[in-house]
Amino acid sequence: DVSLEEMTALALMGGLIGVMPTKAHDSATLQMLIKQKIGQFGISANVVAGKDTLTCAPKLVISFACLQEMTDEAVDLVLEMLKDTIYEDKKLLKDQLQQTAMGAQMSVSSAGHRYAITRINAFNTAEGRAQDALRGLTMVNRMKELAQAEDAALDPLMEKMEELHDRLFHANRMTLSRSQNVDDATADRIIAALPGGTPAPETASFLPMGD
């Protein structure tokens with residue numbers, strides 16, 4: 001149930017969670033703790049095709065890995081980021097916008113054919129439309145616009161990220177995958193620590209461009 005207009009915020013969240021402060025730690029301290037306690041941490045937005053051309057399923061994939069003896073501390077830190085990230089630091093947001101916009105512009109120059117294919121797909125399927133909003137030319141143009149925006153113009157974006165964060169990170173919306181060395185107690189603790197929430201719809205429906 002993420003709209004096309006919310007895809008920009010969803011894409012940015014992947015680069016900001018772990019950078020934006022939490023209720024317990026400022027940005028610098030949080031990033032230091034991630035390096036100390038989590039060997040690998042990443043968040044990325046993706047889109048899965050639906051059963052027909054008019055449906056798809058946007059997903060936010062969160063992954064982390066750590067040493068066995070650091071499991072409890074790593075889980076605590078990940079849960080802190082999922083529950084208590086604060087979207088208030090405009091400097092961090094602008095830095096992320098500028099990096100994303102610059103990276104996207106360079107990517108268009110070096111892999112323009114990929115963006116062209118994404119745009120063509122946006123005229124044919126819901127998945128293509130969502131992919132274009134998330135990582136296609138629509139995203140590139142939107143990031144460029146936001147990177148050049150005045151501070152006051154970023155307030156709605158920060159409010160949207162806060163709203164999405166509160167809406168999405170619920171146990172009933174989550175599919176938990178784990179390696180064999182992660183015990184049931186750890187998995188149960190992750191699920192129990194998050195609010196239950198309302199299950200997400202199985203798919204979303206977006207009209208292709210031009211319709």
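The values are calculated or read from the model by the stated rules, or taken from the named source; none is laboratory data. No experiment lies behind these values; they were computed from the predicted model shown. FYI the Cβ positions are ideal-geometry reconstructions off the backbone, even for glycines, and counts take in every protein chain you see. Ligands, DNA and RNA are excluded from the accessible area calculation, which covers all protein heavy atoms including side chains. Shrake-Rupley method; radii C 1.70, N 1.55, O 1.52, S 1.80 Å.
Okay, here's what the table says:
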quantity	calculated
From the options Gln99, Gln105, Gln180, residue that is under 30 Å from Met70 (Cβ atoms), open to solvent by 40 Å² or more (accessible area, probe 1.4 Å) and either in contact with an Asp or Glu (Cβ under 6 Å, 6 or more places away or on another chain) or modelled with pLDDT under 90 (or both)	Gln180
Residue ranges of helices (runs of 4 or more DSSP H) in segment 59-130 with at least 2 members farther than 20 Å from Met174 by Cα	90-110, 112-122
Residue ID - farthest from Glu5 (Cα to Cα), chosen from residues in segment 156-176 that are assigned to a loop (DSSP other than H, G, I, E, B) and modelled with pLDDT of 90 or more	His170
Residue list for segment 2-17, filter: in a helix (DSSP H, G or I), of a type outside the set (A, V, I, L, M, F, W, C) and over 9 Å from the mean Cα position of the chain (by Cα)	Glu5, Glu6, Thr8
Residues (of a type in the set (D, E, K, R) and part of a helix (DSSP H, G or I)) located in segment 177-192	Asp184, Asp188, Arg189
Every residue from segment 153-173 that is more than 15 Å from Ile17 (Cβ to Cβ) and open to solvent by 70 Å² or more (accessible area, probe 1.4 Å)	Pro156, Glu159, Asn172
Criterion: open to solvent by 20 Å² or more (accessible area, probe 1.4 Å) and either of a type outside the set (Phe, Trp, Tyr) or touching a His at 6+ places or on another chain (Cβ under 7 Å) (or both) - qualifying residue of Ala192, Ala133, Ala126, Ala187	Ala192
Output for segment 1-10, where each listed residue is touching a helix residue (DSSP H, G or I) at 6+ places or on another chain (Cβ under 7 Å) and either open to solvent by less than 30 Å² (accessible area, probe 1.4 Å) or at pLDDT below 90 (or both)	Val2, Glu6, Met7, Thr8, Ala9, Leu10
